[in-house]
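Report on the following structure.
The values are calculated or read from the model by the stated rules, or taken from the named source; none is laboratory data. Because the structure is a prediction, the values reported are computed rather than measured. All Cβ positions, glycine included, derive from the backbone under ideal geometry; neighbour counts span all protein chains shown.
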Amino acid sequence: MSTQAQPQPTHLIPAPAAYKVGKGFVKSSALPWIPDLWSPTRSLSLDTSRNCKIVKSKRVLHRRLEGRNLADWQLKSAYWLELGKKGVKIEAADEEGVFYALQTLKMMASVDSAVNCCTILDWPRFRYRGVMLDESRHFQGKDFVKKQLEMMALLKMNRFHFHLVDNPGWRVQIDAYPRLTKLTAWRPEAFFWDWEKNRTGGLFAEEGTPEAYGGYYTKQDIADILSFADERYIEVIPEIEMPGHNYETRAAYPELACSLPNGGKDPWELCPGKESTFEFLEKVLLEIFDMFPSKYIHIGGDEARKNNWKQCPDCQARMVAEGLKSVEELQSYMIRRMERFAHEHGKRIIGWDEILQGGLAPDATVMSWHGIEAGLKAVGEGHDVIFTPTHYYYLDYHQDSAQFRPVGRYLPLEKVYSLDPLAKGISMADAHHVLGVQGCLWTEHVQDAWHAEMMLYPRVFAIAETGWSQPEKKDWPDFERRASALSAVARKWGYTVYPPSLQ
Ligand code: ACM
Ligand code: ZN
């Protein structure tokens, strides 16, 4: 076997910080020295037998990492792995590091039938390594979400941004406002573009309507997903959109619109002039806070056109009372007020980069989606940023030339891989404000689970590597080789992966 004669390069994604090949190799089928290696979780009962030694000690790992100057959050995820013919040794400061060491072993043993003996010293570059899933335009369901969380864990990704509500459907149970799901979680047409004819929004179907398309997550579903994610060190961050992207909310509760005929020309927007809008949002958020332990709540903030607000007597009265000079400032008033509410409940807000308009809420984290520039501006003002730029990380953009109802731009794997968010003029002193990176799967064009996964993979592999690996370890030709090997394995596991060779 060639593996015996000549060590093969590893197929690990993300590339580890330091990898040294040793003498000899271990058959992957022999690795069940390690219990449950094929599905490692936080609560794995760790076998510390002769063949599998696990040392959980800050002191020991610090010695390995001497001179590296890592932050505490990096140390928590860091690990040392030593794979020899007779066994494996893992050193980590925290169980999270042990978990990532096991993901490394799982990936090596899954991709190759024999793994080189080696030593690996590894730690993450960014603390936020995320995937966003749009559940509103296409509803994926619990099993799909868990399947993607499993792949995220293998890729050492640790944030799942759950885009739960938007114009085409509300997807989470809220007891205080049952009409949200009863009236707007289903619709007659499954495919988004069939529903949104003429871009004005379509009709919904009441829960129980025969053949209607849709669904929502009950509180029990959310609890199941959260426990699955937590077992894999993944934090789930829910998004409740405001003030735009609220067509469905207004369909369920029309009184939340501006005081204009039909609620105003723009059918998406809530009215920030009315106290009842804040009462609604706060009650919804209280239930969301009860469901999701994340310290973050994503409050949307994108693409509010604000035209209604210029005419609405309630909005105008609010602007006079609060001394607001523009509708941008009115939006900022709303976001700041929601931030205060979030703080009162021990939470911090994240918003899309439009929350910079009219003045940014003091402690807000910005998701930079229009490009890199909004993120640079926010960092310059001392805010934390997560980079999700459309041109690099919007996974609804097509990978091929013409198939699968392409959206806007061509976004092949190499382009996704090419982004380095810190290469864009962020100083060393400000780098800690860049929390990390996230791929976003918007689902306007998604028809089913097969299609959704094909849009995710292999591009999520590239985002995982940018999020975890040290920049000097990034290497496109080598990544392409590794992505191709992992794609083949992922297909065997039942994932749909777009063939990189067709890009
Ligand atoms: C967005 O793509 N509207 C955040
Ligand atoms: Zn209004």
- request: Starting from the stretch 127-141, take each residue that is in contact (Cβ under 8 Å) with a residue 60 or more places away in the chain and list its partners that are of a type in the set (Lys, Arg), counting only C-beta distances under 7 angstrom and pairs at least six apart or across chains.
  value: Tyr128/Arg159; Arg129/Lys156; Arg129/Arg159; Gly130/Arg159; Glu135/Arg171; Ser136/Arg171; Phe139/Arg171
query: Looking only at residues in the stretch 99-117 that are of a type in the set (A, V, I, L, M, F, W, C), in a helix (DSSP H, G or I) and in contact with a helix residue (DSSP H, G or I) (Cβ under 7 Å, 6 or more places away or on another chain), which one is nearest to Ile13 (Cα to Cα)?
result: Met107
- prompt: Taking Gln103 and the conditions (1) in contact with a strand residue (DSSP E or B) (Cβ under 9 Å, 6 or more places away or on another chain); (2) under 18 Å from Lys20 (Cα atoms), which numbered condition does it fall short on, given that it satisfies the others?
  reply: (1)
statement: Residue hits (the stretch 245-275; away from ligand 2 (no atom under 11 Å from the Cβ), modelled with pLDDT of 95 or more and not in a loop (DSSP other than H, G, I, E, B)) are Tyr247, Glu248, Thr249, Arg250, Ala251, Ala252, Pro254, Glu255, Pro261, Glu275
statement: Residue set Thr466, Thr496; condition among the hydroxyl-bearing types (Ser, Thr, Tyr) and over 17 Å from Asp400 (Cα atoms); output residue Thr466
query: When the stretch 276-302 is examined, which residues are found to be among the acidic types (Asp, Glu) and either within 12 Å of ligand 2 (Cβ to nearest atom) or surrounded by fewer than 14 Cβ atoms within 10 Å (Cβ to Cβ) (or both)?
result: Glu279, Asp290
task: Kindly establish whether Glu339 is within 20 Å of Lys424 (Cβ to Cβ) and more than 16 Å from ligand 2 (Cβ to nearest atom).
output: no
- prompt: Which of the residues spanning the stretch 470-493 are crowded, with 16+ Cβ neighbours inside 10 Å and either hydrophobic (A, V, I, L, M, F, W, C) or touching a Phe, Trp or Tyr at 6+ places or on another chain (Cβ under 6 Å) (or both)?
  reply: Phe479, Ala483, Ala485, Leu486, Val489, Ala490
query: Which of the residues belonging to the stretch 123-155 are of a type in the set (Gly, Ala, Ser), over 22 Å from Ala78 (Cβ atoms) and in a helix (DSSP H, G or I)?
result: none
- prompt: When the stretch 180-227 is examined, which residues are found to be part of a loop (DSSP other than H, G, I, E, B), among the aliphatic types (A, V, I, L, M) and either farther than 21 Å from Asp143 by Cα or at pLDDT 95 or above (or both)?
  reply: Ala185, Leu203, Ala212
- prompt: Which one of the conditions (1) loosely packed, with under 14 Cβ neighbours inside 10 Å; (2) touching a strand residue (DSSP E or B) at 6+ places or on another chain (Cβ under 7 Å) does Arg63 fail to meet, given that it meets all the rest?
  reply: (2)
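Condition check ((1) farther than 18 Å from Met334 by Cα; (2) more than 12 Å from ligand 1 (Cβ to nearest atom); (3) of a type in the set (S, T, N, Q)) across all residues:
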position: Ile349; (1), (2), (3): no, yes, no
position: Ala361; (1), (2), (3): no, yes, no
position: Thr365; (1), (2), (3): no, yes, yes
position: Trp369; (1), (2), (3): yes, no, no
position: Gly380; (1), (2), (3): yes, yes, no
position: Thr388; (1), (2), (3): yes, no, yes
message: Looking at Arg305, Arg348, Arg337, can you tell me which residue is within 23 Å of Tyr177 (Cβ to Cβ) and of a type outside the set (A, V, I, L, M)?
response: Arg337
- prompt: Given the structure, is Tyr417 part of a helix (DSSP H, G or I), within 15 Å of ligand 1 (Cβ to nearest atom) and in contact with a helix residue (DSSP H, G or I) (Cβ under 8 Å, 6 or more places away or on another chain)?
  reply: no
- line: Only unsatisfied item for Glu206, checking (1) among the charged types (D, E, K, R); (2) surrounded by 19 or more Cβ atoms within 10 Å (Cβ to Cβ); (3) touching a Leu at 6+ places or on another chain (Cβ under 7 Å), is (2)
- prompt: In the list Ser469, Ser401, Ser487, which residue meets the criterion of being more than 16 Å from ligand 1 (Cβ to nearest atom), at pLDDT below 95 and of a type in the set (Ser, Thr, Tyr)?
  reply: Ser401
message: For the stretch 360-386, which positions are out of contact with any Pro (no Cβ under 7 Å at 6 or more places or on another chain) and of a type in the set (Ser, Thr, Tyr)?
response: Thr365
- line: Exactly one of Glu275, Glu269, Glu279 is in contact with a Cys (Cβ under 8 Å, 6 or more places away or on another chain) and charged (D, E, K, R), and that one is Glu269
task: Kindly indicate whether any position in the stretch 198-215 is away from ligand 1 (no atom under 16 Å from the Cβ) and basic (Lys, Arg).
output: no
field: Residues of the stretch 281-339 satisfying the condition of being within 16 Å of ligand 1 (Cβ to nearest atom) and in a helix (DSSP H, G or I)
entry: Gln331, Ile335
Selection count, the stretch 174-201, where residues are in contact with a strand residue (DSSP E or B) (Cβ under 7 Å, 6 or more places away or on another chain) and crowded, with 19+ Cβ neighbours inside 10 Å: 7
task: Being surrounded by 15 or more Cβ atoms within 10 Å (Cβ to Cβ), basic (Lys, Arg) and at pLDDT 85 or above narrows it down to one of Lys27, Lys58, Lys20, Lys76, so name that one.
output: Lys76
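Here is a yes/no grid of residues against (1) in a loop (DSSP other than H, G, I, E, B); (2) closer than 18 Å to His11 by Cβ; (3) in contact with a Leu (Cβ under 6 Å, 6 or more places away or on another chain):
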site	(1), (2), (3)
Ser43	yes, no, no
Lys53	no, no, no
Asn69	yes, no, no
Val88	no, yes, no
Thr119	no, yes, no
